[in-house]
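S.K.: Here it is, the structure, as structure tokens.
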Amino acid sequence: MEPLELISTAPKRRRTVLPVASQAPIASILVDTGVVHLDQPFDYLVPAKWDAVALPGTLVRVPFSGRLCDGVIIERSEASLHQSLKAISSVTSPIPILTGELLHLIERCREFYVGTFWDLFRSAVPPRHARGEKDALSFPGSETPELEPRVLPNRVESFVAAAVAGKTPHAMLLNQQGQIQHLILLDAISEMVRRGLKVLLIYPDQRDVEIAEKLVNDAGMYTSILHSGLSPQLRYRNYLISERNDVPVTIGTRGALFARGKYDVIVLVDEEDYAFQEPRTPGWGAAGIAGIRSAATGLLTVVPAIPLSRLRELNAGEMHILNPEIPRPRVHTDNSGVRIPTIAWNVMRKALKSGPVLVTVARKGHTPGLLCHSCRNRALCSCGGPLVLISSSAVPSCSLCDRVSIDWRCGECQDQRLRPLGIGSERTVEELGKAFPGIPVQSSTADKRIEDLDDSPRIVVATSGCEPTVKVGYQAVVLLDGEFLAARAELDALQDLRRRWKFSVSLLKEGGEVFASLPDAHPVVKSLLMPNSLEFLNRELAERRELQLPPAVASAVMSPSPSGEIPEAVRILGTADRAVLTCEWEAAPVLREYLRSERDAASLAKRKFSFRFAPFRIDERVQ
């Protein structure tokens with residue numbers, strides 16, 4: 001038996017020299033490593049066979065730490081500071097997935113929100129789809145629409161003219177009673193497209209996108225639609241063709257703010273809607289992204305009520321209101337504390353003689369909660385879920401497990417009697433139906449939504465955001481549950497209530513009447529009585545500045561709280577589990593740098609750490 005050969009005598013294989021690109025052979029690539037503190041470019045060689053397609057913005061596959069990872073080429077150069085570079089393994093797509101403008105936008109958003117490139121990339125770019133890419137490459141194009149000139153209000157005409165002149169106008173359009181928002185926007189967008197502008201139109205939800213798509217297409221304009229409800233193939237195809245000049249309008253939800261193309265005007269509708277908050281890290285908001293992107297383009301924000309975050313721009317003259325003279329509605333109030341007082345019944349009775357009435361409520365369902373009649377403790381199921389009533393004849397049931405509680409007994413005092421905790425839309429429908437026999441009473445909620453109504457006398461009970469549209473407007477609007485909505489344990493409860501109620505009032509017919517279920521001295525009611533005044537908003541912003549609360553100051557939330565020293569310019573509130581950090585906007589770079597260092601340190605130590613810079617609400621938890 002021959003001994004084993006311990007040292008191989010076979011000739012060593014020579015490593016094949018890979019031919020590289022003759023010009024700019026070094027690619028700086030951001031690699032999707034999944035490691036936060038490695039959010040930086042790495043240099044790779046560009047093989048000669050990929051030279052023509054490995055352009056900035058192109059998606060590639062590269063070796064990293066013994067595995068293949070996705071990467072995006074940031075730039076090409078002639079030399080690198082590093083030796084023994086690895087080469088790009090493959091080019092995923094011949095189409096640069098990010099344009100130069102989008103690379104710059106993502107970089108600015110990464111800096112503002114203290115995010116990583118790949119966190120923002122996943123928000124900005126739909127997943128690649130080969131058939132969608134093929135469809136985009138074979139897209140035949142669309143014909144230039146022949147549009148009729150539209151007569152616009154003077155201030156709106158000035159905004160469009162400034163955008164055509166290559167300026168970057170920033171303006172605000174308030175929802176106004178007697179006018180339908182979609183139709184007002186249609187006229188403005190049609191005139192922009194007729195004059196050669198490219199428009200990006202952003203809505204908070206898919207339903208509004210579909211309504212706008214139909215109106216714009218019916219007007220003869222070709223659109224690219226972007227939202228998560230599309231098939232992966234169609235979404236990726238629309239993402240790629242949105243940069244074409246023969247696609248003048250792109251309509252989408254918050255992710256469409258990263259749409260490809262050079263847009264002349266960005267139109268953002270209802271920027272304070274919570275649907276505009278990105279739940280994934282770094283938790284960016286649509287208003288913030290629109291503000292960053294509109295540095296080189298026009299911006300038109302359409303809102304029911306002026307956001308506090310826009311007051312600085314309005315006071316400084318950086319943004320203008322296009323319709324400052326909003327008609328003052330006739331508002332009735334009541335201080336009795338009764339949910340539907342006599343004056344509200346009289347407003348409805350008078351309005352029903354000539355048209356429909358809108359009644360807004362805070363909660364859907366019949367009785368959204370039950371209390372023990374004696375001790376006022378919450379009535380709970382054996383599983384711990386709250387008991388509710390789904391109708392006046394129903395037995396209390398659990399909102400979690402749906403179990404019916406026939407023999408419920410209070411765990412504290414043993415009483416079997418129940419009392420309602422709040423009144424929902426269905427119970428309100430029952431009460432109004434009894435009070436107005438012969439008048440149709442309908443409910444519009446997220447579960448059972450009504451889109452449009454005729455102008456016949458009827459009552460519509462709706463929750464926020466589900467109000468049907470009436471072409472001629474409602475004869476009266478009754479705003480219920482004001483005390484409950486104003487007393488919510490949220491910093492922006494009043495701001496949100498003001499936005500909800502002003503949107504409902506904008507659906508009112510000119511000359512219609514309003515009932516508001518708050519005292520006439522309440523700031524939200526005053527904002528309805530004086531719709532053209534910024535006095536109350538400036539007063540509220542001054543109070544927040546004194547208390548060091550956003551949007552008067554820059555803010556961040558983080559979990560857990562910092563254990564070490566924080567910058568001198570930063571103020572901290574909170575507990576060991578969660579902290580709120582605030583500082584003056586001038587010191588915001590200091591706060592961002594602190595968050596970035598804490599994030600990278602947590603990543604290196606492999607410990608849990610989460611944060612949000614400029615969160616939608618500072619009183620919400622971060623995951």
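S.K.: Considering each of SER559, SER506, SER527, SER603 in turn, give the residue that is farther than 30 Å from LEU358 by Cβ and either open to solvent by 50 Å² or more (accessible area, probe 1.4 Å) or within 25 Å of the chain's Cα centre (by Cα) (or both).
M.R.: None of the other options fit; the residue is SER559.
S.K.: From ALA344, ALA362, ALA305, which residue is in a loop (DSSP other than H, G, I, E, B), open to solvent by less than 20 Å² (accessible area, probe 1.4 Å) and at pLDDT 85 or above?
M.R.: It is ALA305.
S.K.: Here's another thing I want to ask about it. Condition test on LEU537, is it over 21 Å from LEU311 (Cβ atoms) and outside any loop (DSSP other than H, G, I, E, B)? Before you say what the answer is, go through the steps one by one.
M.R.: Values: over 21 Å from LEU311 (Cβ atoms): no; outside any loop (DSSP other than H, G, I, E, B): yes.
Answer is no for this residue.
S.K.: Quick one: is ASP135 surrounded by 20 or more Cβ atoms within 10 Å (Cβ to Cβ), in contact (Cβ under 8 Å) with a residue 12 or more places away in the chain and of a type outside the set (A, V, I, L, M, F, W, C)?
M.R.: Values: surrounded by 20 or more Cβ atoms within 10 Å (Cβ to Cβ): no; in contact (Cβ under 8 Å) with a residue 12 or more places away in the chain: yes; of a type outside the set (A, V, I, L, M, F, W, C): yes.
No; evaluated as a whole, the condition is false for this residue.
S.K.: Considering every residue within region 606-619, establish whether at least one is closer than 27 Å to PRO324 by Cα, touching a residue at least 40 places away in the same chain (Cβ under 8 Å), surrounded by 14 or more Cβ atoms within 10 Å (Cβ to Cβ) and aliphatic (A, V, I, L, M).
M.R.: The answer is no; no qualifying residue exists.
S.K.: Sort through LEU215, LEU234, LEU240 and tell me the only one that's in contact (Cβ under 8 Å) with a residue 40 or more places away in the chain and either buried (at least 19 other Cβ atoms within 10 Å of the Cβ) or under 26 Å from SER504 (Cβ atoms) (or both).
M.R.: Answer to the check: LEU240.
S.K.: With the checklist (1) out of contact with any strand residue (DSSP E or B) (no Cβ under 8 Å at 6 or more places or on another chain); (2) under 23 Å from SER425 (Cβ atoms); (3) open to solvent by 20 Å² or more (accessible area, probe 1.4 Å); (4) in contact (Cβ under 8 Å) with a residue 60 or more places away in the chain in hand, flag the one item LEU485 doesn't pass.
M.R.: Of everything listed in (1) out of contact with any strand residue (DSSP E or B) (no Cβ under 8 Å at 6 or more places or on another chain); (2) under 23 Å from SER425 (Cβ atoms); (3) open to solvent by 20 Å² or more (accessible area, probe 1.4 Å); (4) in contact (Cβ under 8 Å) with a residue 60 or more places away in the chain, LEU485 misses just condition (3).
S.K.: Test of understanding: among GLY283, GLY229, GLY261, which residue is farther than 28 Å from GLY100 by Cβ, not hydroxyl-bearing (Ser, Thr, Tyr) and not in a helix (DSSP H, G or I)?
M.R.: The conditions single out GLY229.
S.K.: Among the numbered criteria (1) open to solvent by 40 Å² or more (accessible area, probe 1.4 Å); (2) in contact with an Asp or Glu (Cβ under 8 Å, 6 or more places away or on another chain), which single criterion is violated by ASP496?
M.R.: (1)
S.K.: Say whether the condition of being among the hydroxyl-bearing types (Ser, Thr, Tyr), at pLDDT 85 or above, in a loop (DSSP other than H, G, I, E, B) and open to solvent by less than 60 Å² (accessible area, probe 1.4 Å) is met by at least one residue in region 415-427.
M.R.: Step one: list which residues in region 415-427 are among the hydroxyl-bearing types (Ser, Thr, Tyr), which gives 425.
Pick out the ones that are also at pLDDT 85 or above and you get 425.
Then keep just the ones that are in a loop (DSSP other than H, G, I, E, B); that gives none.
Within region 415-427, not a single residue is among the hydroxyl-bearing types (Ser, Thr, Tyr), at pLDDT 85 or above, in a loop (DSSP other than H, G, I, E, B) and open to solvent by less than 60 Å² (accessible area, probe 1.4 Å).
S.K.: Another question about this same structure. Any residue in region 165-180 that is touching an Asp or Glu at 6+ places or on another chain (Cβ under 9 Å), surrounded by 15 or more Cβ atoms within 10 Å (Cβ to Cβ) and in a helix (DSSP H, G or I)?
M.R.: No, every residue in region 165-180 fails to be touching an Asp or Glu at 6+ places or on another chain (Cβ under 9 Å), surrounded by 15 or more Cβ atoms within 10 Å (Cβ to Cβ) and in a helix (DSSP H, G or I).
S.K.: Report yes if GLU586 is in a helix (DSSP H, G or I), out of contact with any Gly (no Cβ under 6 Å at 6 or more places or on another chain) and either at pLDDT below 95 or not acidic (Asp, Glu) (or both), otherwise no.
M.R.: So GLU586 does not fit the description; no.
The values are calculated or read from the model by the stated rules, or taken from the named source; none is laboratory data. What you see is a predicted model; the values in this text were computed from it and never measured. Note: ideal-geometry Cβ built from the backbone for every residue, glycine included; neighbour counts use all protein chains shown. All accessible areas refer to the heavy atoms of the entire protein, side chains included, with ligands and DNA or RNA removed. Shrake-Rupley method; radii C 1.70, N 1.55, O 1.52, S 1.80 Å.
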